[in-house]
Amino acid sequence: MKKLPLFVGALALFAVAGINLAMAANGNFSTVGVAPVIYQTNWWHGPTVIHALSGTPSTAKISSVSLDWGYSRPPYNPNNPTYTIEAKICTSSLCKYTTSFTDSLDPYWNGKPATADWQFSFNAISSTTKVFVTHLTQAHNIDLTVMYSY
């Protein structure tokens, strides 16, 4: 019976020290957005804003992010410049630039609020600034999955 008072005393000490004995819970949400049409090179198009899903706990912090997006190539035209699509992806004042159309289980945004909005902007980087004869349109939606702990 001497162990019970020690256990209660230890719990009281944790409570006074502000130590939370609760286990962290995990969750995730997936959502989509529409990428902007790209009309010319060397110009940022967007942003497309994607909101966190309602019901995401206010204390949730990002533990990993996966995303996928893409643009279709216009029909060949000798007047179109050569280019590389770059995405600027931002949340909670933290931005990442990438030319990859997919990013899986990226820890870059870990620790940021999972309830924050996401902004996606796109640029067709080229050695010359030109308007496309046929503009670039999305091949598929922006797919965003956010894993979080709270």
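What follows is calculated from the coordinates using simple rules that are stated; it is not laboratory data. Here the structure is a predicted model, which is why all the values come from computation and not from measurement. Backbone-built Cβ (ideal geometry, glycine too); neighbour counts: all protein chains shown.
The table for this structure:
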item	result
Alpha-carbon centroid distance for the pair the range 113-127 / the range 62-92, whole angstrom	10 Å
Cα-centre dipole for the range 24-149 with unit charges at Cβ (Lys and Arg positive, Asp and Glu negative), debye to 20	180 debye
Equivalent ellipsoid, the range 44-150 (semi-axes from 5 times Cα gyration tensor eigenvalues, Å)	31, 12, 11
Length released on extending from His135 to Lys61, taking residue separation times 0.36 nm less the Cα-Cα span	22.9 nm
